[in-house]
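The structure appears right after this line, and notes come after that.
The values are calculated or read from the model by the stated rules, or taken from the named source; none is laboratory data. What you see is a predicted model; the values in this text were computed from it and never measured. Here Cβ is always computed from backbone atoms with ideal geometry, including for glycine, and neighbour counts include all displayed protein chains. Only protein heavy atoms, including side chains, enter the accessible area calculation; ligands, DNA and RNA are left aside. Shrake-Rupley method; radii C 1.70, N 1.55, O 1.52, S 1.80 Å.
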Amino acid sequence: AGKFYQHASSETSQATLASVSPVFAVMKFDKEGNTTYFEKKKTELYQELGLQARDLRFQHVMSIATRNNRIIMRMEFLKAVITPEFLLILDYRNLSLEHWLLNELASQLAGEGQLVTYSLPFEFRAIEAILQYWISKLQGRLNTLQPQILETLEALVDPKLLSVDRSKLHILLQNGKSLSELETDVKVFKETILEILDEEEVIEELCLSKWTDPQVLEESMSGIDHAEEMELLLENYYRQAEDLLNEARELRVLIDDSESIIFINLDSHRNVMMRLNLQLTMGTFSVSLFGLIGVAFGMNLESSLEEDPRIFWLVTGIMFLGSGLIWRRLLSFLGRHLDPPLPPHVPAVLKKPQPAGKVEIKTSLKGETFGLSRSTLTNQ
């Protein structure tokens, strides 16, 4: 009775696990670009493919691995299994992903697209199509962010502005966060490809048809190295990711420099206001100093001076003239201590000859960012 109960409970648990097993919506592409759709449970799918359950445990990570003559590609939400005969896209129900699958991928796998590996085995075309889609998606994100960031910086980096628009700063903050996420995604993509390039055995394993197709095996024996072709393919997309990351870094440096310029502009305007306040304070001090003469004559004390009608104009003139002289003196003292000193004279012998041509900065934004001096900044 105990054995029968254990057997019945194990069958019940297996049936329960099978009932809750995830179901994959699968899109299948063959070598001719024909497409089929079906749904299958995870347990049935990995048994048919000869894989293990953990191989189809797709998290939103990025990796390229091989197992049992199968290539498993994880590109965050893009999950694919490549065999020498067909390509499986799992959980394809995504709006942008469906557009790419229906309009581009089938023709690319059939050799009608712009893939450079159309003459190579099927797995080369599948890998290149997926890598091309992912790098174009990263490039599209950068192309969307770049004009928004440049437009915001042009509005913020303006020496004439006395204050900074907070809405523009909020937009710049959001775009900066999106740019940081893009840089992280590109770095992960680069590291994923670099891990494969560092392992010759993994590159050999990616050439699936080399071990199953007699024709491909014969080509390998005749001197056509498919592993080298796979390495060149991965290096190509590694260089594209490197270029994309360099563009993102240049944009990040431009944001950092622009932030510094914004603070410099604000400090400059703040210094102007402080200097004006100091000048007005000195003027008030000068008027107050010579205003003591008027206070002395307004004390209702009798003297012989108030009887002369010319004394009023004389005292008033002395007050204004003295206040003006003192204020002028204080302003000259302020100018001597606050104005920057002139640069030292460089003898003509020490000056290096300058080239005749001048190369101007490419974009007007860079000129505004680094051109706050009196003359236009040029690379001579």
field: 13 Å beta-carbon shell around residue 40, net charge (K/R +1, D/E -1)
entry: -1
FRET efficiency, residue 137 to residue 321 (Cβ-Cβ, R0 45 Å, nearest 0.05): 0.05
task: Apply 1/(1 + (r/R0)^6) to the Cβ-Cβ distance of residue 197 and residue 253, taking R0 = 22 Å, and write down the FRET efficiency to the nearest 0.05.
output: 0.20
query: Pairs 41/79; 137/168; 79/137: which exceed 19 Å Cα-Cα?
result: 137/168
Full-extension gain in nm, residue 39 to residue 268, via 0.36 nm per residue minus C-alpha separation: 75.9 nm
- request: Measure off 7 Å from each Cα along the Cα-to-Cβ vector at residue 246 and residue 299, then give the distance between these two points in nanometres to one decimal.
  value: 8.2 nm
message: So if each residue of separation counts as 0.36 nm, and I subtract the Cα-Cα distance between residue 212 and residue 61, what length gain in nm does that give?
response: 51.4 nm
- prompt: With the other protein chains left in place, how much accessible area per residue, in square angstrom, belongs to the stretch 20-113 at a 1.4 angstrom probe?
  reply: 48 Å²
message: Let me see the P(r) profile for the stretch 115-267: every Cα-Cα distance counted, bins of 5 Å, each bin given as a percent of all pairs.
response: 2, 8, 16, 15, 12, 10, 8, 7, 6, 5, 4, 3, 2, 1, 0
task: With r as the distance between the Cβ atoms of residue 236 and residue 187 and R0 = 25 Å, compute the FRET efficiency 1/(1 + (r/R0)^6) and round to 0.05.
output: 0.90
